[in-house]
1. Looking at segment B:603-624, can you tell me whether even one residue there is more than 14 Å from every other protein chain (Cβ to nearest Cβ), in a loop (DSSP other than H, G, I, E, B) and either crowded, with 20+ Cβ neighbours inside 10 Å or touching a Cys at 6+ places or on another chain (Cβ under 6 Å) (or both)?
2. Report, by residue number, each residue of segment C:54-83 that is touching a helix residue (DSSP H, G or I) at 6+ places or on another chain (Cβ under 9 Å), among the acidic types (Asp, Glu) and away from chain B (no Cβ under 11 Å).
3. Among strands (runs of 3 or more DSSP E) lying entirely in segment A:142-198, which contain 2 or more residues that are closer than 19 Å to residue A:112 by Cα?
4. Quick test of your reading of the structure: residue A:74 fulfils all but one of (1) aliphatic (A, V, I, L, M); (2) in a loop (DSSP other than H, G, I, E, B); (3) closer than 20 Å to residue A:214 by Cα. Name the failing condition by number.
5. Tally up the residues in segment B:486-497 that are touching a residue at least 60 places away in the same chain (Cβ under 8 Å) and surrounded by fewer than 24 Cβ atoms within 10 Å (Cβ to Cβ), please.
6. If the requirement is being touching an Asp or Glu at 6+ places or on another chain (Cβ under 8 Å), at pLDDT 95 or above, within 14 Å of chain A (Cβ to nearest Cβ) and surrounded by fewer than 24 Cβ atoms within 10 Å (Cβ to Cβ), which of these qualifies: B:702, B:717?
7. Collect the residues in segment B:8-40 that are facing chain C (nearest Cβ under 8 Å) and at positive phi, keeping them in residue-number order.
8. Looking at A:253, A:240, which one is at negative phi and either open to solvent by less than 60 Å² (accessible area, probe 1.4 Å) or outside any loop (DSSP other than H, G, I, E, B) (or both)?
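The values are calculated or read from the model by the stated rules, or taken from the named source; none is laboratory data. All of these numbers come straight from a predicted model, not from anything done at the bench. Neighbour counts run over all protein chains shown; Cβ positions are idealised from the backbone, glycine included. Note: areas computed on protein heavy atoms with side chains; ligands, DNA, RNA excluded. Shrake-Rupley method; radii C 1.70, N 1.55, O 1.52, S 1.80 Å.
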Amino acid sequence: MFPANFEYFRAASVEEAVALLHRHKDAKVLAGGHSLLPIMKLRLAEPAALIDIGHIHILKGISHHRNGIRIGALTTHATIARSEVLQRECSLLSDAAAHIGDPQVRNKGTIGGNIAHADPASDLPAVLLALGARIQMAGPAGDRTVAASDFFTDLLETELREDEVLTAVDVPAIAESAGASYLKFEHPASGYAICGAAAVVDMDGGSCRSASLAFNGVTAIPHHAVAVGDALAGSDISDEAIAAAIEANLRIEEPLGDIQASGEYRVELAKVYGRRALQQARDRARS
Amino acid sequence: MSGVIGTSVKRREDAALLIGKGKYCDDFTLPNMTHAVIVRSPYGHARINSVLTTEAAEHPGVIAVFTGRDVVNSDIGGVVPTGWLLPGIKTPEHPILATDTVRYAGDGVAVVVAEDRYIARDAAELVEVDYEPLDAVTDVLAAVADGAPQLFEEAPGNISFDWDLGDAEATAAAFDRAAHTVEVDLRNNRLIPHAVEPRGCLASFDDTSGELTLYVTTQNPHLHRLLMSLASLNLPEHKMRIIAPEVGGGFGSKIHHYPDEAIASFCSMQIGRPVKWIATRSETNLTDAHGRDHASHAEIALDAQGKILGLRVKTHAAMGAYLSTFAPAVPTYLYGTLLSGQYDIPAIHVQTLGVFTNTSPVDAYRGAGRPEATFVVERLIDMAADATGLSVVEIRRRNFVSKDDFPYQTAVALAYDSGNYDGAMDRALELSGYEALRAEQKRRREAGDTKLMGIGISSFIEACGLAPSQVVGALGAQAGLYESGKVRVHPTGSVTVYTGSSAHGQGHETTFAQVVADRLSIDVDQVEVVHGDTGEVPFGMGTYGSRSAAVGGSAISTALDKVIAKSRKIAAHMLEASEDDVVFEDNAFHVRGVPSKSQGWGDVVLAAYLAHNLPEGLEPGLEETSFYNPENFTYPFGTHICVVEIDSETGAVELQRYVAVDDVGNVINPMIVDGQVHGGLAQGIGQALWEHAVYSDDGQLLSGTLLDYAVPRAHNLPFFETDRTVTPCPHNPLGVKGVGEAGSIASPATVTNAVVDALSPYGVKHMDMPLTPEKIWRAIHRNGG
Amino acid sequence: MGQQVRIEVNGTTHEREVDPRTLLVHFLREDLALTGTNVGCETSLCGACTVLIDGEAVKSCTQLAVQADGTSVTTIEGLAQDGELHPLQTAFHEEHGLQCGFCTPGMILTAVDLLNDNPTPSADEIRQGLKGNICRCTGYHNIIKAVQRAAEGGAS
């Protein structure tokens, strides 16, 4: 309940934050604090310094951007969940954000903090994979961008370097002809995903132009079931086609397991939730 | 006002609590106050080679660091006692700080006292303890297996006690002649109480007067004082004042005397400054006495008509690493004695082994023994229905103790005082629309619905109002279980009541004021209720076991008898009438048959204090104390019915409806009674579906935070449908029985019976709690494996 | 090393130097002696410490005091106006929505934010809106009824 001592710096700009990170070894970026502070209170993390980026207003907000929508790293889950732009153009992200934690957590927790922490059971990583999002980062050598599919590297580990600040997430607008769904089998204690399934289905009349399916909670890094999507492209994406595509193509290696749900069970949940999410996305595309 | 009993008077407690002015333990600040952090064992079982405190003691802001050796070298008792003894019980010493061995993860090893909590926490990390890990055992059956790690030399096989009740031979004979027998091995899952306020205390020792003032999160301040005086501190009782301020929930976990309040007191005695210790959530989860944790083999024998002939149970009950305050009573006298349920069972035998494990101690948690007994009985009854082909309703009806057979002597010591078991079940069947539910279930099953509908029923009994002191004394209690009530009538007629029953959310201040207002025909606002302070209340046994209204309320009622008797004497004197002709009614004393002659309550009270003209030999003043010693337990009962729906693809359970019909005797405040039922239900449903304290084999608590231990939340539960039947308790003056635990006693069995019912097409006969989706999914898709 | 903060709490502005690691809840409870905000866990899961920051419900145990610099905080002590209880406080009393009272400040402040966002919530929406707050006493039954009652009375 009582974090260890640390040095505190408040950055006024991204450049300053990067410079502070570069200067202080073992420093952590503080945004909403909802991933970092809980582990500091349990003294599972004792960073020497915190670089508070909470006052860099340029990192807040949702705006149109070439090829899609840019969400500043400091944008809260509540803002994302309520965003009319996202609800209209990328409802998968706003729906998933509404699943995170509880109202208080959503009021403070940020998209940047969430994905930089890379909790495998969080709700956003699979969504970003299913959408083909890109992550923007700023560092001493300048800005760079990586695809969400390359961003998550291991349990609680990402492409983000120690002296980089995650600045924004870019997501494409979902096509008018497409539908999306995020379904979550929630951990009864933590509220995190035991299995979260994110699906996007784009329809071309009666056939599936493309489908994308990804999972949270099942593996150490979010699992993008590319083969399932490929198998469905060009199909009629009927319930039978979905079931067959999952049965034949969903291959999940080294699932996570804990006292609440074993790996074997999580894989079975992924089949059920993957199927249901694809069905719902398809139905939404048609409507 | 007379007639105020039975009405939903709004709670007076709320005024402060709603605006943040309720003062809980952590809200008190004393001048010069310090903060303690207790260094706890990370191991389930280890030898302590050394404890080095130098670096911690030198840390800026640290005032002192103490170890178990410092306690041993002091003149305090330094051990926490067990308050309930059984024949042959092994009671190994439980030091407040370990000296040579730690026996569970969380066992205290040292304490750091500092100027603030952050510093104390920093310094706690600097205490260097050299542990030599030992093999641990956390499972109650593994602990009694050959070759298991041993916790105490004096308790071979990790057995603390081996207790039995009932007639073994008669029970064996019943099984011999039975047409049907059913048996089951079941577990009752270990629970962490989770009062939202973590435990804590603030100790202030005045070395001039030698007096200790202790604010502590307790359900029974006098019991704490008694146990601390006798064992942990060795301070005389008159030099200790224990205050239970606002207490943020207890559910049993704040009954017990823990090492922590003795440690804080010891620190204050050593440094001469107030010492506050407040547990963090993970610390309170690690060290609060947990609940349940039984492994039982249970059997039932029936004749060809489905009449029960006998019941036989063998239970291994985890005690944890040490015997907590009431621990030995819970799986014996609060469990074995309840195994007759609502049923007429001629022969019962129960054997309970109390087993040491490398876990937090286990003790009373809401229901304490009775949910475990109900779970055994109500699971066996459902399985017996299946075996005999009777419906789950019919088999219960066929075996209920008839309402004409009270008092009813069970085969396991208790004499049920009153009941109408058919009546409560009939009402529950009606309220739930049971026949229609069964019809819907049949229809959906035939249609192959992938959502599996289950209906569960549970008819439960509890023994509340703990209880006759001479009886519990004979049964091993080291304290009496009466209650005190003091009624002080002020000269102007308003009243202050002092009760030994110490509330922590139950609304005593309102309910007890209703009892007084009703008897004296005064306004509820004319009554103040004082509780939770040994400096103010004569004595008390506290609030647990659903005893407050039945025992504490009765004490107030009998004190009121004395008040009225004395004031009647004065009134008779004033009215120049014979005392026998004076009656008290509508806030005045009247002479029977002479309507014009009466004396108002206020005048009589004032006369008692003026003492200008009192009957000869009568002392002035109007204040009476009663110690009410109940002649029996009370026996609330009821039938609960619930409906669940299971997603057959994932095993997820949705609790759709929960119907609770309880008979708690007379009701003083229906709003408060309903609230107690709701809360108990949530906890029992939590046990059935989500809650589970899990230890690794080497003694780590794997569900130590709210990230892993699932406490029910608003979105997990439906609105509850409650109703009551009323069968008054015949042996206490209020006719009340108790309600605090009913919900938690009935609901684990109700929900489990519903889930097993839903899964019966898959051949499922029994499933242990918590009924997690994975367990259910395995039962459906992996044949239980 | 202290950090200067300026935080408005219940209408009064406080300028203090705080240790950067001080949690907002400790700043409120210990520096300002506003003990109505309670601490029930350390993992942001019980909600007992909920306060309003700039009108939004936030868990004050998962917030450093320095992060609240420049904001306006409302605690349970500041909810009643001029001695008039907030309609949610009244509704909790009328519906018996509290027993031990420890979760109540956080529960009520969360409900304030909930009704601000959605003045006419369904029972399910109330249950979802309060999922971040644990009550171990009431089984939530009367809490949900209290929020409904306040909503019906136009509490937002």
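1. Step one: filter segment B:603-624 for residues more than 14 Å from every other protein chain (Cβ to nearest Cβ), giving B:603-624.
Keeping just the survivors that are in a loop (DSSP other than H, G, I, E, B) gives B:611-622.
In the following step, the residues that additionally are either crowded, with 20+ Cβ neighbours inside 10 Å or touching a Cys at 6+ places or on another chain (Cβ under 6 Å) (or both) were identified as B:622.
Yes: one or more hits.
2. The one that is touching a helix residue (DSSP H, G or I) at 6+ places or on another chain (Cβ under 9 Å), among the acidic types (Asp, Glu) and away from chain B (no Cβ under 11 Å): C:56.
3. Values: elements: A:142-147, A:152-154, A:165-171, A:178-186.
Of the strands (runs of 3 or more DSSP E) lying wholly inside segment A:142-198, those with at least 2 residues that are closer than 19 Å to residue A:112 by Cα span A:142-147, A:152-154, A:165-171.
4. Residue A:74 satisfies all of (1) aliphatic (A, V, I, L, M); (2) in a loop (DSSP other than H, G, I, E, B); (3) closer than 20 Å to residue A:214 by Cα except (3).
5. Result for segment B:486-497: 6.
6. Working: B:717 fails: touching an Asp or Glu at 6+ places or on another chain (Cβ under 8 Å).
Result: B:702 is the single residue among B:702, B:717 that is touching an Asp or Glu at 6+ places or on another chain (Cβ under 8 Å), at pLDDT 95 or above, within 14 Å of chain A (Cβ to nearest Cβ) and surrounded by fewer than 24 Cβ atoms within 10 Å (Cβ to Cβ).
7. B:20
8. On the way: A:253 fails: either open to solvent by less than 60 Å² (accessible area, probe 1.4 Å) or outside any loop (DSSP other than H, G, I, E, B) (or both).
Being at negative phi and either open to solvent by less than 60 Å² (accessible area, probe 1.4 Å) or outside any loop (DSSP other than H, G, I, E, B) (or both) holds for just one of A:253, A:240, which is A:240.
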